[in-house]
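What follows is a single structure, written as structure tokens, with notes after it.
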Amino acid sequence: MASKEADFSERDLSGFKYLDRLLPMLARLHDFGCARDRAGNRQLHFDQYCLLVLLALFNPVVRSLRAIQQASTLRKVQKRLGCPRTSLGALSEAVDVFDPARLVAIIGELLEEVSRTRSIGRDTVSQVLTAVDGSVVRTLANLAEAAYLTDKNGHTHCGWRFHTHFEIDRGVPVRMDVTTAYNGGKTEEKQQLRRHLQADRCYVMDRRFAEYALWNDIVRAQSSYVCRIRDNSNLSDLVEERPLSPMAQQAGVIGDAVFRLGYQGSRPDHPVRVVQVRTTPHKKTGGRKGGTAGPASDGILRIATNLLDAPAEVIADIYRHRWTIELFFRFFKHVLGCRHLISHDPVGIQIQAYCAIIACLLIHLWTGGRPTLRSYEMICFYLSGWADLDELTAHLEKLVNVKKTN
């Protein structure tokens, strides 16, 4: 039996300052989803639902639909967010009447205000560096329960996968698509990326995206890629060996060449360059509860790319920054609390994902750039009521001064 949630009051909630910026934007969504309400008695509107979800993201004390419902009964919440007291039934019905795609335009407006802080290969790679990956949020306590939770096709699953596009240039997420946790068929990460390719981007990927057909699609979309390939990749068909500059060698690059990959009928339709970088070798180790912590490494990163003119050390640096998306996933789950899903409906989860992007953008704008781990902690202290606003402001001003001196 689930434990009873602790009650909370208005003094436990903070962070309303962040939400003030959003009110005019979200107000445009007020009437969406009201077409079926012929009687004109709808109390919970789309903008109000989003504000309640954002309230949960900005306050660790609110971590469930029932907690959101309780928060809606507080006078301070009703006054500041313009949200009426709502019921669990109204919150549950929201996923049937509201369209998460309406939030995309608001995300776009906020993105326009986020300046690029990029310093990686700025003179040689003009495209937007975009790390892509997926992360799974588990929703059930054990597999026995998973047998009773099925999707509309009757397939069982025990979690959801968040397919994410993260701009390295600005340090913010720009897209999250939610599917079941199963990584195959239409929900496979490569297929999800293929569906949402854009022009003028450089996609930075790990070896799960090492597929020649996908690389061809990226190039046809007028973009480029930097993708790690497997240690056992066949690099015997050499086309061109390139000399290594002192800067490349200093960056750990031990090889730079163009290869003919694959075999007749299944190979890239463009020249592929492979940059090899020395790293720390490790063996495959067991993960938690008998799982795996990832494949082994022989001590060499093999990075494939169609960027033929960029220096080898720049390619290595671009791939090194792929880990920024892993840091975002940690922030997404542990700081914003998205390990706890407000809804188990795909539409409700997609709305929560878009609201999480909005929350990240607001924090980024308020801090004036990508915050450090200490800044994340200070924001959490402030949102939890342990730090005052002036203390958080002083910390952020100190952070800005440190960046200027560096």
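Residues being in contact (Cβ under 8 Å) with a residue 12 or more places away in the chain and either more than 22 Å from residue 55 (Cβ to Cβ) or open to solvent by less than 30 Å² (accessible area, probe 1.4 Å) (or both): count how many of those fall in the stretch 91-112. The total comes to 11.
Tell me the residue from 277, 272, 219 that is crowded, with 18+ Cβ neighbours inside 10 Å, under 27 Å from residue 188 (Cβ atoms), out of contact with any Asp or Glu (no Cβ under 7 Å at 6 or more places or on another chain) and not polar (S, T, N, Q), please.
Values: 277 fails: under 27 Å from residue 188 (Cβ atoms); 219 fails: crowded, with 18+ Cβ neighbours inside 10 Å.
From the options 277, 272, 219, the qualifying one is 272.
Within the stretch 307-316, being charged (D, E, K, R) and open to solvent by less than 40 Å² (accessible area, probe 1.4 Å) holds for one residue alone: 313.
Every condition in (1) among the hydrophobic types (A, V, I, L, M, F, W, C); (2) touching a residue at least 24 places away in the same chain (Cβ under 8 Å); (3) under 29 Å from residue 330 (Cβ atoms) holds for residue 74 except the one numbered (3).
For the stretch 114-126, taking the residues that are of a type outside the set (A, V, I, L, M) and modelled with pLDDT of 85 or more, the one that is surrounded by the fewest Cβ atoms within 10 Å (Cβ to Cβ) is identified as 126. Scanning the stretch 280-306 for residues that are at pLDDT 65 or above, over 26 Å from the mean Cα position of the chain (by Cα), assigned to a loop (DSSP other than H, G, I, E, B) and not charged (D, E, K, R) yields 280, 281, 299.
Looking at the stretch 112-129 only, could you name the residues that are more than 17 Å from residue 320 (Cβ to Cβ), part of a loop (DSSP other than H, G, I, E, B) and of a type outside the set (Ser, Thr, Tyr)?
We begin by selecting, within the stretch 112-129, every residue more than 17 Å from residue 320 (Cβ to Cβ); these are 112-116, 123, 126-128.
Then drop every residue that is not part of a loop (DSSP other than H, G, I, E, B), which leaves 114-116, 123, 126-127.
Matches in the stretch 112-129: 114, 116, 123, 127.
Hey, any hits in the stretch 324-340 for a residue that's open to solvent by less than 50 Å² (accessible area, probe 1.4 Å), charged (D, E, K, R) and not in a helix (DSSP H, G or I)? The answer is no, given that none of the residues of the stretch 324-340 is open to solvent by less than 50 Å² (accessible area, probe 1.4 Å), charged (D, E, K, R) and not in a helix (DSSP H, G or I).
Does residue 167 qualify as being without any contact (Cβ under 8 Å) to a residue 24 or more places away in the chain and under 28 Å from residue 361 (Cα atoms)? Walk me through how you get there before you give the answer.
Values: without any contact (Cβ under 8 Å) to a residue 24 or more places away in the chain: no; under 28 Å from residue 361 (Cα atoms): yes.
The answer is no for residue 167.
Within the stretch 236-259, the set of residues being closer than 19 Å to residue 309 by Cβ and in a loop (DSSP other than H, G, I, E, B) comprises 242, 243, 244, 245, 251.
For the stretch 186-195, does any single residue satisfy the condition of being surrounded by fewer than 16 Cβ atoms within 10 Å (Cβ to Cβ), over 16 Å from the mean Cα position of the chain (by Cα) and modelled with pLDDT under 90? Yes: the stretch 186-195 contains one or more residues that are surrounded by fewer than 16 Cβ atoms within 10 Å (Cβ to Cβ), over 16 Å from the mean Cα position of the chain (by Cα) and modelled with pLDDT under 90.
The values are calculated or read from the model by the stated rules, or taken from the named source; none is laboratory data. Everything numeric in this text was worked out from a predicted model, so none of it was measured. Neighbour counts run over all protein chains shown; Cβ positions are idealised from the backbone, glycine included. When the accessible area is computed, the model is the full protein with side chains, heavy atoms only, and any ligands, DNA or RNA have been set aside. Shrake-Rupley method; radii C 1.70, N 1.55, O 1.52, S 1.80 Å.
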